[in-house]
Amino acid sequence: QKEVEQNSGPLSVPEGAIASLNCTYSDRGSQSFFWYRQYSGKSPELIMSIYSNGDKEDGRFTAQLNKASQYVSLLIRDSQPSDSATYLCAVMENYGQNFVFGPGTRLSVLP
Amino acid sequence: NAGVTQTPKFQVLKTGQSMTLQCAQDMNHNSMYWYRQDPGMGLRLIYYSASEGTTDKGEVPNGYNVSRLNKREFSLRLESAAPSQTSVYFCASSEGGAGETQYFGPGTRLLVL
């Protein structure tokens, strides 16, 4: 059973701080990694995708991937109360169409 | 573009009843997915369709059947609903192929009494 693990939280950070969200996965052959944001009662929406080792930046968001350690993270700089949501890590199986989601980390940004 | 649409938005069933959840996408995507989301469990894949005419089981297929009616539509059927199937169901679509972004519908909240 392939697994994706995340700390469930809640993770609380003050407004303006950096929020760090972590994810580990068990399938060493996985090639594609995604971070989704889900507001309460809403559907998930894509924030970032990353496929290669290293960092990928998009505005206030940075995704980091380390395939050797089977670890992917999401950093949110200058956190805003509007960033308060559940963040889902998703991993795509190697050569497949099967996505595996982690349980999500609930982030609370305090004004 | 409406993106991914799902009907109904909310449904209450009695144990043993059947129902079909409908999903349609207008993005000309090849792949479509059905997930369920339960508290603390994240999204779990029920079935997916990599392309029109094909369907494959995901992590939790028991108690469900699917039909890829055409490229736009992918339905999920519960033949005999059980309380354990109380959940929020999301349909998603993607262009297909490795690494493609999934776009999610608004979800269907199902309560089985």
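A few comments on the model shown:
- Test: residue in region A:49-62 that is in a strand (DSSP E or B), in contact (Cβ under 8 Å) with a residue 40 or more places away in the chain and either of a type outside the set (K, R) or more than 12 Å from every other protein chain (Cβ to nearest Cβ) (or both): no
- Only listed residue being over 13 Å from the mean Cα position of the chain (by Cα) and over 19 Å from B:R36 (Cβ atoms), chosen from A:G16, A:G41: A:G16
- Qualifying residue in region A:14-31 (condition: within 13 Å of chain B (Cβ to nearest Cβ), more than 20 Å from B:Y48 (Cβ to Cβ) and loosely packed, with under 14 Cβ neighbours inside 10 Å): no
- Test: residue in region A:36-48 that is within 11 Å of chain B (Cβ to nearest Cβ), in a loop (DSSP other than H, G, I, E, B), of a type in the set (F, W, Y) and surrounded by fewer than 18 Cβ atoms within 10 Å (Cβ to Cβ): no
- In region A:86-111, residue nearest to B:T54 (Cα to Cα) [restricted to those that are part of a strand (DSSP E or B) and more than 14 Å from chain B (Cβ to nearest Cβ)]: A:L107
- Condition check for A:S8: in a loop (DSSP other than H, G, I, E, B), facing chain B (nearest Cβ under 8 Å), surrounded by fewer than 15 Cβ atoms within 10 Å (Cβ to Cβ) and of a type outside the set (D, E): yes
- Beta carbons closer than 8 Å, at least 6 apart along the sequence or on distinct chains, pair a first residue in region B:41-61 that is at positive phi and more than 9 Å from every other protein chain (Cβ to nearest Cβ) with a second that is crowded, with 19+ Cβ neighbours inside 10 Å and not aromatic (F, W, Y) for B:G53/B:R68.
A short reminder: the numbers here are calculations on the coordinates, not readings from a lab. The shown structure was predicted, so the numbers you read here are calculated from the model rather than taken from an experiment. All Cβ positions, even for glycine, are placed from backbone atoms using ideal geometry, and neighbour counts span all protein chains on display.
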